[in-house]
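The values are calculated or read from the model by the stated rules, or taken from the named source; none is laboratory data. Source: prediction; values computed, not measured. Here the Cβ positions follow ideal geometry from the backbone for every residue, glycine too, while neighbour counts run over all protein chains shown. Calculation scope for accessible area: heavy atoms of the full protein, side chains included, ligands and nucleic acids excluded. Shrake-Rupley method; radii C 1.70, N 1.55, O 1.52, S 1.80 Å.
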Amino acid sequence: MTVYAILAALASFWMAKQSYSWFPPEAAAEAKLQDDLFSLFTGLGTFIYLGVIGPFLYSLVFHRASKYDMSDGPPIEGNTWLEIVWTAVPLVLVLTLSFVSYRTYEKMAVRGPMELVHLHMPEMMQSAYAKPFDSTPQQDIQNAMETAPIEQIDVTAKQWAWIFHYPKQDITSTELHLPVDRRVRFTLRSEDVLHGFYIPAFRLKQDIVPNREIDFELTPVKTGTYRLRDSMFSGTYFAANQADVVVQPVNEYQQWLADAASQSPTPAFNQAAFEYSQANDREGATKDKVAVRGWDTIPPAPPPVVNYAPKHEPDIAVLNHS
Amino acid sequence: MTNISIDAPEVVRGQPYPGAPDNWKRFFTFSTDHKVIGIQYIVTSFVFFLIGGLLSMVMRGELITPEADLVDRTVYNALFTMHGSIMLFMWTFPVLVGLGNYLVPLMIGARDMAFPRLNAVSFWMIPVVGILMLASFLVPGGASQSGWWAYPPVSLQNPTGHLINGQVLWILAVAISGVSSIMGAVNFVTTIFRMRAPGMTWFKTPAFVWAVLGAQLIQLYGLPALTGGAVMLLLDITIGTSFFAPERGGNPILYQHFFWFYSHPAVYVMILPAFGMFSEILPVHARKPLFGYRVIAASSILITVVSGVVWVHHMFASATPAWMRILFMVTSMLVAIPSGIKVFGWVATIWGGKIRFTTPMLFALGGISNWLFAGITGIFLASVPIDIHVNNTYFVVGHFHYVLYGAIVMGIYAGIYHWFPKMTGRMYYEGLGKLHFALTYLGTALTFLPMHPAGLMGMPRRVASYDLEFAYWNVLASLGGFLLGLSTLPFILNMVSSWIRGDKVGNNPWRAYGLEWLTSSPPTVENFEETPIVVSRPYGYGSNEPLVGNVPNPGLTEFPESFTQKTTS
Ligand code: HEM
Ligand SMILES: [Cu+2]
Ligand SMILES: [Cu+2]
């Protein structure tokens with residue numbers, strides 16, 4: 001019994017450590033906070049799972065009726081004390097988990113809709129964060145908020161493209177560039193249906209609702225290239241509605257902004273528009289590759305015209321051969 | 001062996017009304033016998049289970065490679081929409097209503113449901129729903145492509161411009177299924193409140209009946225919201241009202257509230273009866289009373305209440321303000337408590353028992369272990385910060401299939417095997433049953449476990465194509481999916497052949513304590529020759545108390561021969 005409990009505890013601890021490896025890199029301060037929380041849940045979850053499945057399997061193995069045993073088991077119908085304990089234990093557990101989740105949520109300080117007001121009151125933020133719970137990622141968020149002006153980026157989602165607009169420089173791009181260790185604030189807009197702004201490496205996600213501007217904040221802390229995906233089902237080319245996110249040192253980021261500003265707008269490659277034109281083109285590449293042809297679709301928006309468009313139309317000849 | 005209906009002549013067994021056909025033909029009549037209706041529900045829904053399953057095989061075929069190359073994107077979208085809709089509206093709900101229909105009157109000692117004709121009407125709406133759903137594949141523009149949520153504005157977009165399109169047919173089908181379910185709910189609730197046999201107080205009522213009561217109460221409070229939302233959506237599509245259409249000033253988030261106010265509790269409409277079956281089956285095959293019967297029974301009602309105030313957890317990433325996120329996080333986590341009570345009760349029930357690994361027992365045990373896993377990942381999802389990362393990813397798909405396939409479908413299989421001898425008077429083949437269990441259990445793990453890591457890595461749900469990094473887990477899930485498809489074959493074979501020529505069994509082949517086992521197998525027209533007078537609780541193993549006062553209790557103290565033959569050979 002005690003041995004099993006110790007083994008289960010060790011296994012849970014191992015799983016909790018292991019859980020960090022199930023995720024993409026932690027590219028935002030918020031991601032670290034979330035992974036810690038997830039690890040705690042994994043540890044406790046494993047312990048509960050083993051705690052229940054152990055006795056369960058034990059009875060299955062050792063309390064089988066032998067072949068000719070036709071008798072009944074002991075007529076135990078309940079045990080008030082036990083029932084109170086196993087109501088109280090989960091109750092305490094879920095209240096604790098709620099509380100810890102709440103703390104993490106508060107530390108992440110992702111603004112949902114209508115919460116922007118707080119940001120103009122730094123002293124309020126201070127008091128909210130000056131609690132002894134401070135951990136490094138939270139410190140990162142706080143530093144980013146205090147040391148430099150918040151970067152403002154406008155995001156437009158549509159069927160099926162992402163367009164990023166940098167209002168200060170008036171630059172548009174189909175690739176999202178972000179400075180590392182800076183707090184970034186997005187204003188999310190949709191031109192048609194619901195979309196979801198989701199960067200797995202940041203562990204962050206926010207639905208975008210037509211007719212509404214939704215503010216959203218985060219703090220990238222690791223340079224590299226990540227994926228932004230549409231997370232709210234948005235129609236035919238939903239799966240192809242993706243973009244790259246480049247997190248870079250502040251000076252490179254400034255350089256990129258300057259370079260992009262000097263370029264004149266050109267149509268960017270757009271997967272949805274590309275596939276659509278292929279499907280409606282008898283000689284098209286995708287058409288031949290798909291086994292079952294489908295139905296009509298809402299025509300994709302024309303490829304966005306932007307200052308910075310990293311990707312180009314794939315070579316159809318190559319596609320046909322792959 | 002004595003029996004209350006021992007001298008009922010063979011011909012009237014299972015006959016819906018005097019003069020009705022006493023063969024398979026009665027299942028094609030407008031019968032008002034709850035037992036015939038129950039089997040009608042079960043068989044019809046199983047046909048749709050297979051259709052929904054075939055659709056998922058095609059989806060897994062598409063997802064075995066990263067590109068959208070097997071089916072076009074529009075087809076894929078229609079496939080997951082119709083797979084989800086058929087699985088829920090045409091399989092899970094109806095099959096559980098069918099089992100409830102068959103069992104509840106027998107378990108409470110009633111002669112039929114409270115409103116037999118209404119019952120038949122509820123059933124006959126189901127084929128209509130199914131035909132509408134399938135017909136949508138044939139209309140121009142094809143079946144609905146907006147997911148079983150049908151969130152606007154996507155569900156309002158209609159590229160073909162036809163008024164009769166897949167989305168409209170879908171809404172009609174869902175509305176009719178809603179009407180059918182409301183009628184069914186009224187019937188169940190009335191039956192359970194008014195028709196229990198004399199002496200059957202609430203705390204002598206079987207756990208399954210409690211669970212069905214909880215589930216049907218949810219239907220009563222929840223379905224009006226869904227139906228209201230569906231009607232508003234239909235008006236938006238057809239006559240251009242602007243409830244949800246943003247370009248006309250409507251609010252698409254409002255729809256989500258309507259939808260989830262019903263559709264979260266709907267999960268419990270499905271899982272509660274499965275819980276009820278676990279609670280019935282474990283005592284019989286472990287030969288012990290249900291541990292903590294009272295709290296297990298009451299927790300069904302607690303779940304009914306709490307699950308009514310958790311729906312916003314599906315909208316944490318929608319434009320939901322922080323206070324709501326936190327509030328609904330706490331309520332969602334609280335559902336774990338009544339669910340946990342049940343799991344503990346089940347473990348304590350088998351602890352120290354005399355366990356027999358019959359097929360229904362295996363499915364019940366398998367279902368419980370899967371539920372344990374799914375319940376724990378459910379707590380993860382209730383946590384706002386974790387949900388912000390994983391919602392709308394494959395983690396959620398893995399989680400809810402663990403609930404739906406791992407726990408509910410397993411529970412349904414357990415129930416069908418357990419009561420098969422009661423329904424048909426014959427025994428199924430144990431070997432085929434065990435093969436079915438092994439394939440199902442392995443298939444479930446292989447299909448749905450890999451979806452969790454894929455989701456944690458960031459693979460969104462409802463995608464026809466995906467990035468290369470997700471390929472590994474998707475290949476595993478697809479192979480598992482095909483295995484699950486295969487797993488249904490031994491089941492079909494078993495059911496068909498056992499029904500035709502399985503060994504005949506007595507009234508109570510399991511030596512179970514419950515009113516339904518006191519009558520003949522299959523039960524006579526009016527269920528009981530003489531209304532039983534209940535004197536003690538169900539599950540009285542080891543105590544040798546009689547269950548009813550007025551008729552002898554065959555098989556409760558001694559073993560029927562069929563039992564010894566069947567399970568020890
Ligand atoms: C062989 C068994 C099954 C396989 C391989 C399977 C596979 C899938 C897949 C690949 C999806 C799409 C997930 C997504 O991208 O969102 C899906 C969705 C879904 N499945 Fe299954 N499934 C199976 C059985 C079931 C069963 C038995 C049920 C219900 C009882 C069910 C209910 C659903 C629902 C409700 C959806 C969501 C549809 C939507 O997003 O609109 N599935 N399934
Ligand atoms: Cu493919
Ligand atoms: Cu829910």
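At a glance:
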| read-out | value |
| --- | --- |
| Residue among B:78, B:68, B:110 that alone is within 16 Å of ligand 1 (Cβ to nearest atom) and assigned to a loop (DSSP other than H, G, I, E, B) | B:68 |
| Qualifying residue in the stretch A:14-23 (condition: among the aromatic types (Phe, Trp, Tyr), in a helix (DSSP H, G or I) and surrounded by 19 or more Cβ atoms within 10 Å (Cβ to Cβ)) | no |
| Contacts under 7 angstrom Cβ, first residue in the stretch B:522-547 being outside any loop (DSSP other than H, G, I, E, B), partner of a type in the set (S, T, N, Q), 6 or more apart | B:524/B:5; B:527/B:519 |
| Residue under evaluation residue B:462, criteria (1) away from every other protein chain (no Cβ under 14 Å); (2) among the charged types (D, E, K, R); (3) near ligand 1 (Cβ under 9 Å from one of its atoms), criterion not met | (1) |
| Criterion (closer than 20 Å to residue A:307 by Cα, in contact with a strand residue (DSSP E or B) (Cβ under 7 Å, 6 or more places away or on another chain) and open to solvent by 30 Å² or more (accessible area, probe 1.4 Å)) met by exactly one of A:189, A:185 | A:189 |
| Any strands (runs of 3 or more DSSP E) falling wholly within the stretch A:143-258 and containing at least 2 residues that are under 20 Å from residue B:470 (Cβ atoms) | A:195-199, A:204-208, A:224-230, A:242-248 |
| Among the candidates B:326, B:281, residue that is assigned to a helix (DSSP H, G or I), more than 22 Å from residue B:515 (Cβ to Cβ), away from ligand 3 (no atom under 16 Å from the Cβ) and among the β-branched types (Val, Ile, Thr) | B:326 |
| Residues that are open to solvent by 10 Å² or more (accessible area, probe 1.4 Å), in a helix (DSSP H, G or I) and not hydroxyl-bearing (Ser, Thr, Tyr), drawn from the stretch B:425-447 | B:430, B:431, B:432, B:434, B:435, B:437, B:438, B:439, B:442, B:445, B:446 |
| Test for residue A:263: is it more than 12 Å from chain B (Cβ to nearest Cβ), touching a residue at least 40 places away in the same chain (Cβ under 8 Å) and under 22 Å from residue A:179 (Cα atoms) | yes |
| Failed item in (1) within 17 Å of residue B:274 (Cβ to Cβ); (2) of a type in the set (A, V, I, L, M, F, W, C); (3) open to solvent by 10 Å² or more (accessible area, probe 1.4 Å), with residue B:397 passing the rest | (1) |
| Qualifying residue in the stretch B:207-215 (condition: open to solvent by less than 30 Å² (accessible area, probe 1.4 Å), within 14 Å of chain A (Cβ to nearest Cβ) and in contact (Cβ under 8 Å) with a residue 12 or more places away in the chain) | yes |
| Close pairs from the stretch A:82-102: first among the acidic types (Asp, Glu), partner outside any helix (DSSP H, G or I), Cβ under 6 Å, at least 6 apart | A:83/B:292 |
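Table: residues versus (1) in contact with a Pro (Cβ under 6 Å, 6 or more places away or on another chain); (2) crowded, with 19+ Cβ neighbours inside 10 Å.
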| residue | (1), (2) |
| --- | --- |
| A:30 | no, yes |
| A:37 | yes, yes |
| A:55 | no, no |
| A:69 | no, no |
| A:72 | no, yes |
| A:78 | no, no |
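Rundown of residues vs (1) part of a helix (DSSP H, G or I); (2) open to solvent by less than 20 Å² (accessible area, probe 1.4 Å), yes/no style:
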residue	(1), (2)
B:119	yes, yes
B:123	yes, yes
B:130	yes, yes
B:134	yes, no
B:138	no, no
B:168	yes, yes
B:174	yes, yes
B:180	yes, yes
B:183	yes, no
